[in-house]
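Structure first, then comments.
Throughout, read-outs are computed from the coordinates displayed, never taken from laboratory work. Just so it is clear, the structure is predicted and the values come from calculations on it, not from any experiment. Every residue, glycine as well, gets a Cβ built from its backbone with ideal geometry; the counts of neighbours run over all protein chains shown.
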Amino acid sequence: MSHNYQEAVNELSRRGYLALDIDPTLNFEEEIMKLKKEKNAVILAHYYQESEIQDLADFVGDSLGLSQEAAKTKADIIVFAGVHFMAETAKMLSPNKKVILPDLKAGCSLADSCPAPLFKKFKEKYPDHVVVSYINCSAELKTLTDICCTSTNAVQIIESIPADKKIIFAPDRNLGKYLIKKTGRDMVLWDGACMVHEIFSKEKITQLMHRHPDAKLIAHPECEPHILENAHYIGSTSGLLKFTQTDSASVFIVATEAGIIYQMEKASPNKTFIPAPPDNQCACNECPHMKRNTLEKLYTCMKYELPEITLPDWVIEKGKYSIQRMLEVSAKAGLGKP
Ligand code: 13P
Ligand code: SF4
C-alpha cells in the first residue's frame with residue numbers, strides 16, 4: 001500500500017468502516033474464506049447477525065460462548081461479527097491478538113445507557129457493594145466492575161457472591177429485576193435498558209397467543225417484566241435456541257432480536273417461529289447496531305485488517321479480571337463451551 005492509500009484507508013477506518021470502491025462482482029463468501037485461511041483469522045459471530053454472516057463464521061454463539069472462544073483461539077486475528085462491547089471483551093481476553101470489527105459504529109443501546117463516569121459516581125454511594133455488570137457494557141465500565149455476567153450465567157454469578165454481600169447490578173434494569181426474582185437477592189439496579197428488548201407489545205403477543213393456542217412464548221431476560229411474566233421459557237439466546245430444539249411445542253413466539261430465528265429454523269425445520277411483534281409497525285425487533293455489519297464490510301475489514309479495536313493498557317489490565325472471574329465461575333458451573 002502506498003503511503004497516501006494507507007492514509008485514506010486510515011481515514012475511512014476512523015469514520016467507522018471501510019467504504020471503499022470494491023468490485024461488485026466479487027464473490028464475497030469465497031474471498032472471505034480465502035482471507036480467513038491466508039491470515040489465520042477466526043470469525044466469531046453473534047446469533048443476531050445476518051444469516052449470510054452466520055454461515056461464514058467459525059463459531060456462532062451467545063455472549064458467553066463468544067467470549068470463551070475469544071479467550072482460547074489460536075488464530076492471529078479475531079474478526080468479531082457482533083457489536084463493539086463484544087469485540088472489546090475479546091481484546092481484553094486476548095490482548096496480543098488483532099481484533100477487528102466490520103463496523104466500529106456497531107454499538108449497543110444498553111451499553112450506552114451506562115456511561116462509566118456517571119456509574120463511578122453512582123457506585124461511590126454504595127462503597128460496601130459488590131459490582132456485577134452484564135457483559136453488555138463498555139470496557140471502561142468493566143474496570144469499575146468486580147464480576148461480569150451474561151444472560152446464560154447471571155443466576156450462577158449472583159449465587160457465587162456470599163449471601164452477606166450487597167450487590168449493585170448494571171446496566172440492565174430488566175435483567176436485574178428478573179435476577180432479584182430468581183435469586184431472592186436484594187440488589188441496587190442501574191436504570192438502563194436495551195432498545196430492542198423493550199419494544200415488544202404485550203397486547204399483540206396476547207392476540208397471537210389466542211390465534212395460536214398451542215404456541216409457547218419464549219423471551220430473553222432483557223425484556224420488560226410484563227412480557228417475562230407470560231413467558232413459558234426465559235433464557236439467553238443459546239438457551240432459547242436449545243429450548244426450541246428440546247421442547248415438544250411446534251410453534252414458538254420469539255421475544256428477542258429476530259436474527260436468532262435463523263438458527264432455530266435450521267435446527268428445527270418442521271417447527272414454526274413467529275417473531276414477537278413490536279409496539280408499532282417498524283422492524284424494531286432487529287438490532288440496528290448488530291445489523292450495521294454486512295458481508296461487504298466483513299470483506300473489507302478482513303482485507304485491510306481495519307477497523308481495529310484498541311484499548312489503553314490500563315483498561316485491559318483492570319477490566320479483564322471481571323471477565324476472567326466470570327469465565328471461572330462459568331467453567332465451574334459447566335456453562336457455555338468447555
Ligand atoms: P446473549 O446472546 O448472551 O443471550 O445476549 C444477547 C445480547 O444481549 C446481545 O445483544
Ligand atoms: Fe445491545 Fe440490545 Fe442490540 Fe443486544 S439487542 S446489542 S443489548 S442494543
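Of the residues Ile323, Thr73, Tyr48, the one whose Cα sits farthest toward the positive end of the charge dipole of the chain, with +1 on the Cβ of Lys and Arg and -1 on the Cβ of Asp and Glu, is Ile323.
Each of Glu203, Glu69 was scored by other Cβ atoms within 10 Å of its Cβ. Arranged with the fewest first, they read Glu203, Glu69. A viscosity of 0.692 mPa s and a temperature of 37 °C, combined with the Kirkwood radius over C-alpha pairs in the Stokes-Einstein formula, give the range 42-126 a diffusion coefficient of 240 µm²/s.
Think of each Lys and Arg Cβ as +1 and each Asp and Glu Cβ as -1; about the Cα centre, that makes the dipole of the range 247-338 roughly 220 debye. When all alpha-carbon pairs of the chain are counted, what percent fall beyond 28 Å? I get 42 percent for the Cα pairs in the chain exceeding 28 Å. For Lys320, list the aspartates and glutamates whose Cα falls under 16 Å from its own Cα; do not include residues on the same chain fewer than 8 positions away. Straight-distance partners of Lys320: Glu69, Glu88, Glu140, Asp146, Glu328.
In terms of the mean number of neighbouring beta-carbon atoms within 10 Å, the peptides 137-147, 78-88, 112-122, 248-258 order highest first as 78-88, 137-147, 248-258, 112-122. Taken over the range 120-186, lysine pairs spaced eight or more positions apart, or on distinct chains, with alpha carbons under 16 Å apart number 9.
Charge tally for Ile77 (other residues, Cβ to Cβ under 11 Å; Lys, Arg +1; Asp, Glu -1): 0. Distance from the Cα centroid of the range 232-267 to that of the range 44-118 is 22 Å (rounded to whole angstrom). Taking Lys and Arg as +1 and Asp and Glu as -1, the other residues whose beta-carbon sits under 13 Å from that of Asn174 total -2. Sorted ascending by nearby beta carbons within 10 Å, beginning with the fewest, Thr272, Thr183, Thr25 become Thr25, Thr272, Thr183. Basic side chains Lys and Arg get +1 at the Cβ, acidic Asp and Glu get -1 at the Cβ, and with that the dipole of the chain about its Cα centre reaches some 880 debye. Sorted fewest first by neighbouring Cβ atoms within 10 angstrom, His289, His212 come out as His212, His289. For the chain, modelled as a GNM whose springs connect Cα atoms under 10 angstrom apart, the maximal fluctuation among Pro277, Pro312, Pro221 occurs at Pro312. The Cβ shell under 15 Å around Val188 holds other residues with a net charge of +3, Lys and Arg each +1, Asp and Glu each -1.
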